[in-house]
Each structure stands twice: as C-alpha cells, then as structure tokens.
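The values are calculated or read from the model by the stated rules, or taken from the named source; none is laboratory data. Worth saying up front: this structure is predicted, and the values here are computed from it rather than measured. Counting neighbours? That spans all protein chains shown, and the Cβs are built from the backbone with ideal geometry, glycine included.
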Amino acid sequence: MATAYDVQTYLLDESNIQDTVTRMMYAFDNKDSSMLIDQVYAPEIHLDYDTLLLGGKPEVITSKAWADRLEHMHDAYDTTQHTVHNFLIELPQPPSANKEVARPDSCIVYAHADGWFYNRNAEGRPRIMCRRNGGKYRLEVVRLKDKEERGENPWRVCKQRVKLSWQDMGSQ
C-alpha cells in the first residue's frame, strides 16, 4: 500500500532528508564509518568530487568502500568541523484539492558546506588553522523502503557531487 503524500509526510520527508545530510557532516568529523554506511549513504554511491578537493574522476563505489576511504582522510588534523547549510530540497508540494501528487522515491538536494581543519598549539588548544574551505553539494537522495518499514529515517544519499567554491590554506 502506498503511503499517502500529505503535508505531514512532506514535512517529515524534508526533515529526514536534512537530517541525513547533517549526519554526513557529523560522521565526517567523528570518523563514524558505521553512521555513514547505516544512516547516510545508500549501498551504492555515485561520487563526483571537484578535482581540487579529492583529485579524482566520477566513480561508483559502495558505501563501505567510501567510508573506509574517509576513515583516515583527516588524520593530518587534530580536529575538523564540517557544517552544511542553505538547504534546497526539491520535493514536490503535497497535493491540493485540484491536484494529485505521488510521494517521491527520490529527490535532489542542493546545499552549501564548509569545513574547518585545525591542529593544536603548544598549549594543546585547537588554534592553528590549517585549512578551511567551502563548496556546493548537489545530492540525490533515495527513499529506502526497508528502512522505512523498520521506522527509521529512510532517506539515503545515492549521488554526491561536490564543487569547491573557496579555500584558505591557513597558517601552515
């Protein structure tokens, strides 16, 4: 039976999608591979990172392989903080009395993200800024039925394109 697409479902989907993307940033900073695999990414991901960021070509990779690759990516820094903001979630508006709208199984999300990368000074405080950057994300998220049936947030990232907007190399 199809889930009704009403205002409540629309708002829950929008909130769950934003939660998924926010969890991605949280997991990056906390080296939480299980969160990336279980709560952020679909089993297979289409990645397209700006060559200035990760120097690669678009690829299709499993969420496990991607999480493994990310696990040591920030080892050069004592602490990192990624934030995501300016969400544009391309969900259709719920139906009105004159219009039928089906609940989507996928949608596009646009967002800006910033990253700060610090090392500790002689006093042990994270004050030496090594790098900061910002970019634009274009994500496709899909609704996984098995997650939804278990009462979990069903939205997972299946395509991720990241374009560098700016970068400051800090004091090192």
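So, of the residues in the range 49-66 that are among the small types (Gly, Ala, Ser) and assigned to a loop (DSSP other than H, G, I, E, B), which turns out to be nearest to residue 131 (Cα to Cα)? Filtering first and then ranking leaves 55.
Of everything in the range 57-73 that is more than 22 Å from residue 168 (Cα to Cα) and in contact with a Lys or Arg (Cβ under 9 Å, 6 or more places away or on another chain), the residue that is modelled with the lowest pLDDT is 71. Note on the range 88-172: enclosed strands (runs of 3 or more DSSP E) holding 1 or more residues that are touching a helix residue (DSSP H, G or I) at 6+ places or on another chain (Cβ under 8 Å), of a type in the set (Ser, Thr, Tyr) and surrounded by 12 or more Cβ atoms within 10 Å (Cβ to Cβ) are 126-143.
Here's the yes/no breakdown for (1) farther than 25 Å from residue 19 by Cβ; (2) modelled with pLDDT of 95 or more; (3) touching a strand residue (DSSP E or B) at 6+ places or on another chain (Cβ under 7 Å):
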| site | (1), (2), (3) |
| --- | --- |
| 51 | yes, no, no |
| 55 | yes, no, no |
| 76 | yes, no, no |
| 80 | no, yes, yes |
| 89 | no, yes, yes |
| 95 | no, no, no |
| 108 | no, yes, yes |
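Whether any residue in the range 17-32 is part of a strand (DSSP E or B) and on the phi < 0 side of the Ramachandran plot is what I want to check. No. Out of the range 17-33, which residues are within 20 Å of residue 151 (Cβ to Cβ) and surrounded by 16 or more Cβ atoms within 10 Å (Cβ to Cβ)? Scanning the range 17-33 gives 17, 18, 20, 22, 23. Surrounded by 14 or more Cβ atoms within 10 Å (Cβ to Cβ), touching a residue at least 24 places away in the same chain (Cβ under 8 Å), in contact with a helix residue (DSSP H, G or I) (Cβ under 6 Å, 6 or more places away or on another chain) and not small (Gly, Ala, Ser): which single residue out of 47, 36, 70, 53 fits that description? Being surrounded by 14 or more Cβ atoms within 10 Å (Cβ to Cβ), touching a residue at least 24 places away in the same chain (Cβ under 8 Å), in contact with a helix residue (DSSP H, G or I) (Cβ under 6 Å, 6 or more places away or on another chain) and not small (Gly, Ala, Ser) holds for just one of 47, 36, 70, 53, which is 36.
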